[in-house]
Amino acid sequence: MTNQITPPPELLQQWGKDADLSGVPYDYNFWDKDWTYEQYIASRAAQWGANQELEACCEWFVRDWTDIETADNLRAARRPKPSSLKEQALALINSNKPYLDDTAMDTIRRALEALPND
């Protein structure tokens, strides 16, 4: 189960192909453009829709079951707070991997640099 709700790039591309381009000038090379803007909008729309559904489910728990604790637990499980840099670094160190790649070392380095100078 994923915590970040965004449409996969393949689906965005399919949506783009399915779009009605009848009003687009013939010489406009629609398929060669950078899709960053569209991906951002689609991702934000998907996240907004997922948030609306989550809140509707939580409201249902409270309204029909008077179960605020379950609603809060559901919200916390589906929208967890991202782990801190310290938590990420500790998880990498405790992972018992035979070696740490450059990305892992960068995370640990940033965590150490964030510590106050004594």
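Taken together, the values in this text are just the output of simple stated rules run on the coordinates, not laboratory data. This structure is a prediction, so every number in the text was calculated from the model and none was measured. Positions of Cβ are backbone-derived with ideal geometry, glycine not excepted, and every protein chain shown enters the neighbour counts.
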Q: Grab the beta carbon distance between residue 110 and residue 64, set R0 = 35 Å, and tell me the FRET efficiency rounded to 0.05.
A: 0.15
Q) Can you list residues whose amide H is under 5 Å from residue 67's amide H, if they're 5+ apart or on another chain and H is modeled 1.01 Å from N? A) 62
Q | Whole-Hz ³J(HN,Hα) from phi, Karplus 6.51 cos²θ - 1.76 cosθ + 1.60, for the stretch 64-80, glycine and proline x | A | 8, 10, 6, 10, 5, 4, 5, 4, 5, 5, 4, 4, 5, 5, 8, 10, x
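Listed highest first by mean packing, meaning other Cβ atoms within 10 Å per residue, what order do 52-62, 8-18 come in? Mind dumping the intermediate values first?
Values: 52-62: 13.5, 8-18: 11.8.
Most protected by this proxy first, the peptides run 52-62, 8-18.
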